[in-house]
1. Restrict the check to the stretch B:220-231 and report whether at least one residue is more than 14 Å from chain A (Cβ to nearest Cβ), out of contact with any strand residue (DSSP E or B) (no Cβ under 8 Å at 6 or more places or on another chain), in a loop (DSSP other than H, G, I, E, B) and within 30 Å of residue A:260 (Cβ to Cβ).
2. Among the residues of the stretch A:309-352, count how many are part of a loop (DSSP other than H, G, I, E, B) and over 20 Å from residue A:284 (Cα atoms).
3. So if I check each of B:73, B:87, B:60, which one is surrounded by fewer than 24 Cβ atoms within 10 Å (Cβ to Cβ), at pLDDT 70 or above, in contact with a helix residue (DSSP H, G or I) (Cβ under 6 Å, 6 or more places away or on another chain) and facing another protein chain (nearest Cβ under 7 Å)?
4. Scan the stretch A:69-113 for residues that are within 8 Å of another protein chain (Cβ to nearest Cβ), under 23 Å from the mean Cα position of the chain (by Cα) and more than 21 Å from residue B:36 (Cα to Cα) and jot them down.
5. Does residue B:39 satisfy the condition of being modelled with pLDDT of 90 or more and more than 7 Å from chain A (Cβ to nearest Cβ)?
6. Closer than 28 Å to residue A:260 by Cβ and at pLDDT below 85: is that true of residue B:104 in this structure?
7. Please state which of the following conditions residue B:16 fails to meet, knowing it meets all the rest: (1) modelled with pLDDT of 90 or more; (2) over 21 Å from residue B:175 (Cα atoms); (3) surrounded by fewer than 22 Cβ atoms within 10 Å (Cβ to Cβ).
8. From A:146, A:151, which residue is under 26 Å from residue B:71 (Cα atoms), touching a residue at least 12 places away in the same chain (Cβ under 8 Å) and part of a helix (DSSP H, G or I)?
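The values are calculated or read from the model by the stated rules, or taken from the named source; none is laboratory data. Keep in mind that what you see is a predicted model, and the values were worked out from it rather than measured. FYI the Cβ positions are ideal-geometry reconstructions off the backbone, even for glycines, and counts take in every protein chain you see.
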């Protein structure tokens, strides 16, 4: 049996653990002389990395490595593109942890089957986070006691329905309302629908990953008010770093999976989208999941299909990719139980598929 | 080595790698250079997170150590270190012949949005991207027959390529290497077989149309160093 500390998803300190126990007293967290050793080690390792990065790869020149270079370039392309957005998300999550009081959230956050999803959609409009960055923010909101329906609607809607993504879609398609409004409509409808479905669950806590489900929601940044400004900043950094590590490992695995599929499966073997009302939608949803490109920029890629494929298929690519792709599907595990993740993905896929086909068949595009 | 310190070291080293790749210009192999400022911000951000985490648990009591516990085990840290390991072990290379053979060459259909360049333009100043757009409007490129060609790209040859031919190719990238699509022109050149695969060249010549296929009759093929920006951005 694999020991829990070796499990990828295992946590030596469950998320709720240190949060529930509160932050240590400022005096316990102060830096002393022994703190300099790890800082020196960090300086040494970072400097050595920067130096080694200027040399050709250690495996360069070995003939058997050549096929790996394409995989490495695609893999690093996805990771390098996603990292800034994941960092933005974990920093926003740290800000929520430090400055949003659970009592305020419980009193003011809209809940219930109607207002919860609407609140999530509205929050998504206010926060420019992509599908990588939205997960730590949603998880932090859940930890703080936000209603599940609000968090799920926010989680699904925000990556496509935030000001930057909307602007990017408008720029990519020259302001064509069919693409801008069509994407918004499918994403909002799907997010609200899935949030409402989950709101019927009798015990929403059972849907969440262990650390979140156990969290009593009676904490805040524990002692943060008493800490110095520098100490609070450091705590925010540790908080963001923990979230980054939790999410980042799934991002890396998802990117590796996507890059492997892209480089090892010949493009000719990919399903041909064709012009079929159903098949084109399914093919582009699969493509969106495999490409795993950020929701902020995927409109520029969808532009490639806009002239040749049915509108419903292009909208399905834009909507599905912002809610589910290989990396975000893995990252959802940090907030929800595996079963919940599967149901969530199936519901999103069904909704987007039906919406895409509706556009193709009933609207005649 | 404590897992918590290992997390800090991986974060810091990954941040340093990102900054080094931006400084060397190799980041252009992975993403559109327009996003470089975001990569710099990510590199600095990762270093900051590493600095915040590195000293944890070294001078505090049990509460401090508990708070500082890493949110993952050694296996999670190893996965997180994969980009770092791959970035250091595998030499940074732009997409080339191997990727072209996997994906095939076809210009993104979205380029058809671009206006038809028409036949009376100065084709000698066109890049492979311009030729890709022209091909979307005129697949045989027949109306450009006898027009001058001067393009830069990498050499692509396979075992089946005739000895006096090669393809001059380049990848078109919107956002990152994951969305790259290749575009290429067939070139006839007597010494084609001597050209190294994936070497960069400037091809000067004239366009000819044979049947339904366009081919560049090269007057000169000059070797070039790999350009700082190896992809074309629509």
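1. Applying the first criterion (more than 14 Å from chain A (Cβ to nearest Cβ)) to the stretch B:220-231 yields B:220-225, B:227-229.
Still in the running and out of contact with any strand residue (DSSP E or B) (no Cβ under 8 Å at 6 or more places or on another chain): B:228-229.
From what's left, in a loop (DSSP other than H, G, I, E, B): B:228-229.
Right, trim to within 30 Å of residue A:260 (Cβ to Cβ) and you get B:228-229.
Yes, there is a match, as at least one residue in the stretch B:220-231 is more than 14 Å from chain A (Cβ to nearest Cβ), out of contact with any strand residue (DSSP E or B) (no Cβ under 8 Å at 6 or more places or on another chain), in a loop (DSSP other than H, G, I, E, B) and within 30 Å of residue A:260 (Cβ to Cβ).
2. Residues in the stretch A:309-352 being part of a loop (DSSP other than H, G, I, E, B) and over 20 Å from residue A:284 (Cα atoms): 2 in total.
3. Details: B:87 fails: surrounded by fewer than 24 Cβ atoms within 10 Å (Cβ to Cβ); B:60 fails: at pLDDT 70 or above.
Only one candidate qualifies: B:73.
4. Result: no residue meets the conditions.
5. Working: modelled with pLDDT of 90 or more: yes; more than 7 Å from chain A (Cβ to nearest Cβ): no.
For residue B:39, the condition - modelled with pLDDT of 90 or more and more than 7 Å from chain A (Cβ to nearest Cβ) - is not met.
6. Working: closer than 28 Å to residue A:260 by Cβ: yes; at pLDDT below 85: yes.
Yes.
7. It fails just one condition, (3).
8. Values: A:146 fails: part of a helix (DSSP H, G or I).
Being under 26 Å from residue B:71 (Cα atoms), touching a residue at least 12 places away in the same chain (Cβ under 8 Å) and part of a helix (DSSP H, G or I) holds for just one of A:146, A:151, which is A:151.
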